[in-house]
Amino acid sequence: MSGIASNPRRLALLMLGAIISALILALVQPTLAADFSFGGELFLRMLKLLVVPLVCTSVACGVLSMGDVSKLGKPGMVALVYYLSTTVLAAAIGLVVINTLGVNLVAENEPTETVANQTADSAASDSAGAMLDSLTELSGLTDAEVTKIFPQLGVGEEATPGLGMIIENLLFMVIPENLLASAVEMKLLPLVVFSLVFGLVMAQLGSRAETIRQVFVELNAVLMRLVDLVMVIAPAGIFCMIAGRFGQAVQDGQLGTELRQIGGYFACVCVGLAIHGVIVLPLILWVVSKRNPLTYFLGLSRALLTAFSTASSTATLPVTLECTKDLGVSKKSSGFVVPLGSTINMDGTALYEAVAAMFIAQLAGIELGFTEQIIVVIASSLAAVGAAGIPEAGLVTMVIVLNSVGLPVELVGVILSVDWLLDRFRTSVNVWGDGVAAAVVEVSLPKEDS
């Protein structure tokens, strides 16, 4: 691995320097800064190029790391239920926060002139028409069939869609007729679901699927290496995207609006992470394991500080294991739960991606209804399972969430100026969730094992 990619602190400093340099250039020479936008587009293309193969391998390998689910027993099932429920809950908290606090992030829910220019092909002037187009494209249904399920999007029947219709629509989204067509069209939610099921079946077959299992593991290693190489040029890509974005904003007299919007987005993510990390997870810890949340948090402080400084739950793994041991958690519980959690338990990432998707929808002038927000929660949770425990992995999986509801991927550039810092906060929440999981699963172990 290259020196930059293997040194999270150096990567963070380079990103910070790129952000500051881009802002200065945008203020001093906005016209020149706007011309750098092509470099940001190239960087996004590199990320999108890796998404489809990386989704398939990383999700499958994440499931394979659990082994045969049917043989995990009660502790294994408790761990899986915990991971699934807390990840979904985190994404839901993110949506509640941005729907509550972020309603004024974009004035009158209209895109700025800059955003309108960038998303002309992605968002129609009428938000209902844009959502109808997105649902039609994602599900493969006709306009008439979609408006029958969602009459508020068109001139279909005036009946209120029931729960059965909503579930039917979601199933059409995740179970396509042709998986390869979904890959070509970047419909990633079906690929995530298929990879999840495929990994479970491979794990269940055991030695009979050893060859293909090894192929997936090695492919995932190669793709992660490619991600590392892309991260080497991430500071340059982020510089171009931010310079182009803010340079155009200065030219349009929208810089103050841009900064206010980004500040509001940053606050929404932090509030959501605080609710999940300070209220939800400690409450689960106290109710299930009867441990003092404050004492347990202080015992994990070394791991949490390491997570914040490295932005990598994988790099923090040895410290997390040592902290849980010092806190008296059984080795059988922590040895199983913490390594697994560093792979598939990404509460902070799921929350951040849900908030980011809603924020980008607001910028694009696309109103996401109840059903679309459910899809965002599902996509954020599944994308979090496939996120690698490395710095800025959320940039790759963010494409999954945006594509799941037809949002413009190019608007990722708006949030990059603060993503490097949010990455550290969400990684700390991920590691905190792993530590809580170790104590929760310990309760389900037989007394002699505890």
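Overview of results
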quantity	calculated
Tally, over region 292-351, of residues that are in a helix (DSSP H, G or I), more than 30 Å from Ala379 (Cα to Cα), hydrophobic (A, V, I, L, M, F, W, C) and in contact (Cβ under 8 Å) with a residue 40 or more places away in the chain	1
Qualifying position, being surrounded by 23 or more Cβ atoms within 10 Å (Cβ to Cβ) and either under 19 Å from the mean Cα position of the chain (by Cα) or β-branched (Val, Ile, Thr) (or both), among Thr295, Thr324	Thr324
Complete set of residues in region 379-423 that are at pLDDT 75 or above, of a type outside the set (A, V, I, L, M, F, W, C) and within 16 Å of Val355 (Cα to Cα)	Ser380, Ser381, Asn403, Gly406, Pro408, Asp419, Asp423
Selected residue (only one of Val355, Val338 is crowded, with 22+ Cβ neighbours inside 10 Å, of a type outside the set (S, T, N, Q), touching a Gly at 6+ places or on another chain (Cβ under 6 Å) and closer than 28 Å to Ser301 by Cβ)	Val355
Exclusive hit being over 23 Å from Met231 (Cα atoms), in contact with a helix residue (DSSP H, G or I) (Cβ under 6 Å, 6 or more places away or on another chain), at pLDDT below 85 and not hydrophobic (A, V, I, L, M, F, W, C), set Gly341, Gly277, Gly335, Gly272	Gly341
Evaluation of Val329 against (1) β-branched (Val, Ile, Thr); (2) closer than 13 Å to Asn430 by Cα; (3) crowded, with 24+ Cβ neighbours inside 10 Å (one fails), failing number	(2)
Members of region 249-290 that are under 20 Å from Ala22 (Cα atoms) and of a type in the set (Val, Ile, Thr)	Val250, Thr257, Ile262
Helices (runs of 4 or more DSSP H) contained entirely in region 23-124, each with at least 3 residues that are at pLDDT below 80	37-64, 73-101, 113-118
Qualifying helices (runs of 4 or more DSSP H) (wholly inside region 141-254; at least 3 residues being modelled with pLDDT of 75 or more and of a type in the set (D, E, K, R))	210-232
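The values are calculated or read from the model by the stated rules, or taken from the named source; none is laboratory data. Predicted model only: the values in this text are computed from it and were never measured. Please note: Cβ atoms are built from the backbone with ideal geometry, for glycine as well, and neighbour counts cover all protein chains shown.
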